[in-house]
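A short write-up of the structure that comes next.
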């Protein structure tokens, strides 16, 4: 007979999620500054998407493997926490090295290292929420993660602007040299990443494999199964992935195609469309690039605030309905950037994108976790990452060609395509089966029969 997982206090969930702030600090610096670093080191507009391939490809390879390994790990640090710590150490080193890259190929290599290391830490964090929280607290758990993701990204994205405008640190440098404001931001990111993850490692308790078996009623992984070929086991598990996971994969595909288009093209679109400069060494370009960092801080700040509203909204409608509405708002806001000429007005668009980002970080995982066995939570969360990285690989492969061939290199068209993609994701969300939604489980029998 299955035992019910006990509910955790808010502060236990808080400690369990704090490490994600450090992870997202690293991601925030990456998303807001890597295109700027590439352009500073001589990359052309059509090269940038290919250089960004490092991020999704490493996620495609690393997350399922780390998930599979963490499902089968148990030592003095626990099940997921060893991977938090290893990833934090490697990510911090990459953050220190990247802004000091003397050549474009070194910066591209550091992006591979950074993203692989971030993925080592990040995937087990998703699984930890599924491991430790009962269904009625899961949306809250992912919402708290989303809050920390937002806080980390706000500070990380705005760091170069803050250093330049508050502390008078230069945001320009000779051609081919990364500005001091960007370098110092990456050094700060390394310290925050490691410190936040270490806090979670020291403050969080994990359930043992025996306890998890008592909670979900599944068979523990026995020695004979663990001795099987890991590749064979992973392939068999992929074939048996839950229906909900397959449905969510299509939603994720279109959502993350849109996000990747935004991350790699917003700097180029804003600096050329609004600031009128494509010269990465000019003061006007760097002013625009700093403003993009503030825009990214804005949408992440909105997501941090929206995270607390999502569980309340989901409890009064449904998780998938909230997700569909947020994606629609985000898609319209992203495409609508093409209509903006005053940089200050971009902040309105960022509000809508912030709601979408909050939901993307929370709702799909909250829906998915309820359909997964705890003994394979890490692996399936890693496989679910395929639906995130494959659209990014596609975007990196085709967006550069599309914008150059059909739109004369106009980066703003990539943002319009991204907005349309996010609206498609909203429509697909309505067809997802959320079998573990407390709202569905608690429906009166008459209502369920009528449905």
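What follows is calculated from the coordinates using simple rules that are stated; it is not laboratory data. Given the structure is predicted, the values throughout are model-derived calculations rather than measurements. Heads up, the Cβs are rebuilt from the backbone with ideal geometry, glycines too, and the neighbour counts pull from every protein chain shown.
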What whole number of Å gives the distance from the Cα centroid of region 380-409 to the Cα centroid of region 415-430? 14
Of every Cα-Cα pair in region 1-131, the percent that sits beyond 22 Å: 43
Between the helical axis of 243-273 and the dominant principal axis of the chain, each derived from Cα atoms, what acute angle in degrees is found, rounded to the nearest 10? 10
Extension gain (nm, one decimal) between residue 136 and residue 173, 0.36 nm per residue minus Cα-Cα: 8.1 nm
Would you give the gap between the C-alpha center of region 279-336 and the C-alpha center of region 242-265, rounded to a whole Å? 16
If each Cα of region 93-133 is one equal point scatterer, what is log10 of I(q)/I(0) from the Debye formula at q = 0.23, 0.32 Å⁻¹? -0.69, -0.99
Just to confirm my numbers, what's the Cα centroid distance between region 1-20 and region 103-175 in Å? 22
Helix 10-40 versus the longest principal axis of the chain: what angle, 0 to 90°, nearest 10, using Cα atoms? 30
Taking 8 Å as the Cα distance limit and 6 or more residues as the minimum spacing, I'd like the relative contact order of region 258-308 as a percentage. 26
Report the paramagnetic label zone for residue 202: residues of region 16-34 whose backbone N is under 16 Å from a point 7 Å from Cα along the Cα-to-Cβ axis. 16-20, 22
Working from the pairwise distances between different alpha carbons, so that the mean of 1/r is found and then inverted, what is the chain's Kirkwood radius in Å? 22.1
Mean Cβ-within-10 Å packing, highest first, puts peptides 140-152, 330-342 in the order 140-152, 330-342
Between 0 and 90 degrees, rounded to the nearest ten: what's the tilt of helix 283-316 against the longest Cα principal axis of the chain? 20
With each label point set 7 Å from Cα along the Cα-Cβ vector, what nm distance links residue 214 and residue 76? 2.5
Under the helix-only model (-39500 (n - 2.57) for each DSSP H run of 4 or more, divided by the residues of the chain), the mean residue ellipticity at 222 nm, to 500 deg cm²/dmol, is -25500 deg cm²/dmol
Please compute the contact order of the chain in relative form: average sequence separation of alpha-carbon pairs under 8 Å and at least six residues apart, divided by the residue count, as a percent. 28
So if we plug the beta-carbon distance of residue 284 and residue 10 into 1/(1 + (r/R0)^6) with R0 = 56 Å, what FRET efficiency do we get, rounded to 0.05? 0.75
